[in-house]
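Just so you know, all these numbers are worked out from the coordinates, no wet-lab data involved. Since the model is a prediction, treat every value here as computed from it, not as a measurement. When we count neighbours, we look across all protein chains shown, and the Cβ atoms used for this are built from the backbone with ideal geometry, even at glycine.
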Amino acid sequence: MKSARLPVLEVMTSDPVTAVPDLTVAQAASVMRDRGVGSLIVVEGGKAVGILTERDIVTKVAAEDRKASTLKVRDVMTSPVVSVHPHEEVEEAARRMSKRRIRRLPVVQDGKLLGVITENDIIRVWPHLVEVTREWARAGMFEEGPGPVEGHCDSCGVYSTQLMRDGKLLLGPECRER
């Protein structure tokens, strides 16, 4: 199914939640909780220099038993940030996410952060593009795999951190029990 051409600018969130590199990870986690987001774009001098995700906090702080109240965002953020231009097509942004196995892209023009586009933003506009964002899973990059992955259930569309392969589908716990 071919999509109509649609620039990222039309789908992105234009007011992403940001943080500065010197914020503590504990403070950043509180911002994420209070704002209901799964990531913060790390900005310095108006430029996106990194991204801090829930996964960064789990894998680089909690799993390593590091103290979030003394660690700085700059110590655990993912950098350099993978970004997208506001006039790039949404479908191409989805392919970039798939290739890099990421779920959000800061939208940057001339070095300036304009917004963020997430997998959920894309799926809201074109649900069939979930197939593009999942190409890596279907390409066999994990077969019966190392365990659960995160994303949206192929059956009900609900986000889960416990997706498991069932044939060609990635299913959440509730859908696997049916």
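Quick notes on this one:
- Phi-based couplings in Hz for region 14-27 (Karplus 6.51, -1.76, 1.60; Gly and Pro marked x): 8, 10, x, 7, 10, 8, 9, x, 8, 5, 6, 4, 4, 5
- Pair VAL149, HIS87: separation of 7 Å Cα→Cβ label points (nm): 3.4
- Region 8-130 - percent relative contact order, Cα under 8 Å, separation 6 or more: 30
- Residues whose amide H lies under 5 Å from that of GLU44, counting only those 5 or more places away or on a different chain, are VAL49; hydrogens are built 1.01 Å from N in the peptide plane.
- Rounded to the nearest Hz, the phi-derived 3J(HN,Hα) couplings of region 89-100 under the Karplus curve 6.51 cos²θ - 1.76 cosθ + 1.60 (θ = phi - 60°) are 6, 4, 4, 5, 4, 4, 5, 5, 4, 4, 4, 8, where x marks glycine and proline.
- With a Förster radius of 30 Å applied to the C-beta separation of CYS156 and VAL58, the computed FRET efficiency comes to 0.80.
- Förster-model FRET efficiency, 22 Å R0, ARG35 and VAL125, C-beta, rounded to 0.05: 0.45
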